[in-house]
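What follows is a short report on a single structure.
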Amino acid sequence: MALPGFGARSAGSSGWWPFRVPAHDLPPYRAVGPVTVEEYESRAERYDKQLATQVGFDPAGRTTKEKMAALRAHREAQYLALQKVVYRRRGWTEDGIPTRARLEELGIAIPEVLALLPDPADAQP
């Protein structure tokens, strides 16, 4: 089963912002791994090896759908971990919003921009 948001590009609502930023940073569902049974089975040796060596999942005796689900879950988890690191390195919150400190570092911590921050304490000049 895919994680919520993977491949989803529709706008949602997270309160103060018109869309959920992390969902918009996710790759398309198609890019994360094999989408069809036929696709998996055409490269079964490769995918089975990845499951065994990278995921620690023994593919022997498993259905193709079970293997696809395990591989996709692993790849999605890897992507989300990378996304968190990238956000942190950029000076953003886990929601992908620049922190007040980052805005100040960039020289754009003006009242109009600070007013958009989700934490009211950050919006004070």
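Annotations for the structure displayed:
- Cross-link partners for Lys49 among the aspartates and glutamates, with Cα-Cα distance under 20 Å and sequence neighbours closer than 8 places in the same chain left out: Glu38, Glu39, Glu41, Asp58, Glu66, Glu76.
- Fully extending the segment from Arg88 to Glu104, taken as 0.36 nm per residue of separation minus the present Cα-Cα distance, adds 4.2 nm.
- Under the combined filter of DSSP loop state and at most 14 neighbouring Cβ atoms within 10 Å, region 36-125 retains none of its chymotrypsin sites (Phe, Trp or Tyr not before Pro).
Readers should treat all values here as calculations from the given coordinates under stated rules, not as data from a laboratory. This one's a predicted model, so the numbers in the text were calculated from it and none came from an experiment. With ideal geometry, Cβ positions are generated from the backbone for all residues, glycine too; neighbour counts draw on all protein chains shown.
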